[in-house]
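The values are calculated or read from the model by the stated rules, or taken from the named source; none is laboratory data. Everything numeric here is computed off the predicted structure, so don't read it as measured data. Backbone-built Cβ (ideal geometry, glycine too); neighbour counts: all protein chains shown. Keep in mind that these areas ignore ligands, DNA and RNA; they rest on the heavy atoms of the full protein, side chains included. Shrake-Rupley method; radii C 1.70, N 1.55, O 1.52, S 1.80 Å.
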Amino acid sequence: MRAFSSLLFALRLLFPKTGKKSNARRSLFGAFVCIGISLVPLVMVLTVSTGMIKSITERMVGLSTYHIRCTLYPSSDLVRSLASFEETAQKMTEIPGVKAVYPEICGIGLASSQSARSGATIRAVDKDIFEKNESFRTLFSVIDGKPDLSRKNFVVIGEKLASDLNVSAGSVIRIVTTRKTSSGKTVPKITPLKISAVVSSGYQELDALWVFVSLEAGFSSLSSSGNMVIGIETDDAFSVELDKTYAAVEDFLDGFARIEKWNDMNSTEYENFASTQVMLIFIMSLIVLVASVNISSALVMLVMERKKEIAIIKSLGGTSGGIAFSFLLTGLATGFFGLLFGLPLGLFCSVNFYKIMGCIERIINSVIDFVMKIVSPGEAYSSAIHLLDPAFYIQSASIQIPLDALLCIAVGTLFLSLVVSSLPAIRAGKEKPIDTLRKI
């Protein structure tokens with residue numbers, strides 16, 4: 001029995017000319033639909049999680065740790081004054097591989113308004129960092145006001161902190177830090193500041209407590225308790241050239257600073273993201289595996305329905321291998337059609353992920369609001385359910401489509417289709433035509 005004959009028989013199994021109703025063909029159609037639907041969450045998890053990890057990593061590297069972070073030791077002459085600190089940062093721009101340098105003073109304090117107070121992470125940065133730093137310019141979204149640190153008493157705060165303090169652009173807050181007196185005693189220092197803007201990076205866990213002030217204001221408030229940091233930006237944070245730049249920076253500072261690369265500082269978070277993604281993909285893959293079992297059950301029914309045809313083909317010279325190959329092709333075609341249905345649908349849902357989640361949120365909250373009005377008609381229900389809580393999820397991640405991973409999904413789906421089709425196909429090949437023809 002030639003391969004072409006097996007292919008023709010497989011086509012007849014999938015698309016018979018007779019109009020007779022077939023439960024097996026309905027089962028094959030159901031298997032194809034199940035595989036397609038099971039692929040949708042797998043593709044969504046892969047593309048959305050990849051996009052989220054990339055977006056979070058961009059924000060960590062661009063807004064927090066920079067590509068290379070140099071924390072200068074307090075005893076160093078490089079931080080004796082603000083002028084020497086800025087001069088050191090300027091000299092580091094001449095190091096090979098360094099694209100830009102951003103001096104920064106980091107410390108902690110207490111931010112308070114007329115109605116509330118909260119701990120804060122104070123970051124003293126260049127007054128024009130929101131314009132000249134590409135990451136600050138593109139990854140921060142302005143919620144209220146305009147980022148301006150040109151004056152010593154201006155401050156830019158994160159959206160979550162502004163919400164906690166119940167303030168907005170134009171409001172005045174007080175920052176409480178510590179300073180040392182001439183006698184060495186530590187006393188609190190209160191600095192009133194005017195909010196020029198409220199910003200958000202879209203990832204609340206990263207910027208929830210951020211307060212940005214000018215370098216001048218930060219040096220007067222944090223010089224005795226904060227860390228003098230020089231953030232270095234290179235051409236590519238993911239390039240192998242980063243190690244060479246790191247070595248050059250290390251030689252330049254020569255033991256006057258603690259130098260760290262972004263991947264070393266964020267290794268724990270990065271590994272957590274990767275392991276979570278692998279776990280989710282594994283769970284979604286199990287769903288595809290369960291769905292592919294439907295092909296096996298559908299082929300078993302198809303073998304039982306087509307015993308007469310199998311017997312006739314064998315009596316005319318058809319081989320067991322040829323019959324088995326036909327059923328293998330049928331199972332593979334079912335998986336392939338499911339793939340053609342599931343991949344585009346999964347990609348469509350991934351591209352519109354945030355719209356879909358927003359629609360689901362509105363439906364759920366509308367149903368809850370309707371139920372609460374029936375149960376408690378006199379009470380107002382104000383709590384809303386957020387499926388993508390901004391405290392844990394990034395709110396504006398770009399969707400990444402990894403073509404190599406999608407290719408692996410396609411090959412894996414077809415391979416599963418072949419595996420689950422093998423037993424029914426072998427059983428079809430072992431059918432004895434004499435036993436079948438005697439019953440006709």
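A few remarks follow.
- Boolean, residue 282 is open to solvent by 80 Å² or more (accessible area, probe 1.4 Å), aromatic (Phe, Trp, Tyr) and either part of a helix (DSSP H, G or I) or under 29 Å from residue 92 (Cα atoms) (or both): yes
- Residues considered: 40, 33, 79. Of these, the only one that is buried (at least 18 other Cβ atoms within 10 Å of the Cβ), β-branched (Val, Ile, Thr), out of contact with any Cys (no Cβ under 8 Å at 6 or more places or on another chain) and in contact (Cβ under 8 Å) with a residue 60 or more places away in the chain is 79.
- Each residue in region 160-190 was checked for being of a type in the set (D, E, K, R) and closer than 17 Å to residue 115 by Cβ, and 3 pass.
- Flag for residue 56 being under 30 Å from residue 240 (Cα atoms) and open to solvent by 10 Å² or more (accessible area, probe 1.4 Å): yes
- Identity of the residue in region 191-222, out of contact with any Asp or Glu (no Cβ under 9 Å at 6 or more places or on another chain), hydrophobic (A, V, I, L, M, F, W, C) and farther than 15 Å from residue 118 by Cβ, that ends up modelled with the lowest pLDDT: 222
- Helices (runs of 4 or more DSSP H) fully within region 285-388 counting 3 or more residues that are among the basic types (Lys, Arg): 307-315, 353-375
- Looking only at region 214-247, and only at residues there that are within 33 Å of the chain's Cα centre (by Cα) and of a type in the set (D, E, K, R), the one that is least open to solvent (accessible area, probe 1.4 Å): 233
- Any hit, region 284-304, residues being modelled with pLDDT of 85 or more and in contact with a strand residue (DSSP E or B) (Cβ under 9 Å, 6 or more places away or on another chain): no
- Number of residues in region 118-136 that are in contact with a Lys or Arg (Cβ under 9 Å, 6 or more places away or on another chain), of a type in the set (Asp, Glu) and farther than 19 Å from residue 82 by Cβ: the value is 1.
- Within region 183-266, strands (runs of 3 or more DSSP E) holding 1 or more residues that are in contact (Cβ under 8 Å) with a residue 12 or more places away in the chain and among the acidic types (Asp, Glu): 227-234, 257-261
- Scanning region 231-264 for residues that are more than 17 Å from residue 102 (Cα to Cα) and of a type in the set (S, T, N, Q) yields 239, 263.
- Residue 234 falls short on exactly one of the conditions (1) of a type in the set (Val, Ile, Thr); (2) out of contact with any His (no Cβ under 7 Å at 6 or more places or on another chain); (3) modelled with pLDDT of 85 or more; (4) closer than 30 Å to residue 121 by Cα, and that condition is (2).
- Those residues of region 11-30 which are surrounded by fewer than 17 Cβ atoms within 10 Å (Cβ to Cβ) and at pLDDT 80 or above, in sequence order: 26, 29, 30
- Which numbered condition residue 287 misses (of (1) of a type outside the set (Lys, Arg); (2) under 19 Å from residue 13 (Cβ atoms); (3) open to solvent by 60 Å² or more (accessible area, probe 1.4 Å); (4) in contact (Cβ under 8 Å) with a residue 40 or more places away in the chain): (2)
Residue-by-condition table, conditions (1) loosely packed, with under 13 Cβ neighbours inside 10 Å; (2) within 23 Å of residue 130 (Cβ to Cβ); (3) among the aromatic types (Phe, Trp, Tyr):
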{"residue": "146", "(1), (2), (3)": "yes, yes, no"}
{"residue": "151", "(1), (2), (3)": "no, yes, no"}
{"residue": "157", "(1), (2), (3)": "no, yes, no"}
{"residue": "169", "(1), (2), (3)": "no, yes, no"}
{"residue": "179", "(1), (2), (3)": "no, no, no"}
{"residue": "190", "(1), (2), (3)": "yes, no, no"}
{"residue": "193", "(1), (2), (3)": "no, yes, no"}
{"residue": "197", "(1), (2), (3)": "no, yes, no"}
{"residue": "200", "(1), (2), (3)": "no, yes, no"}
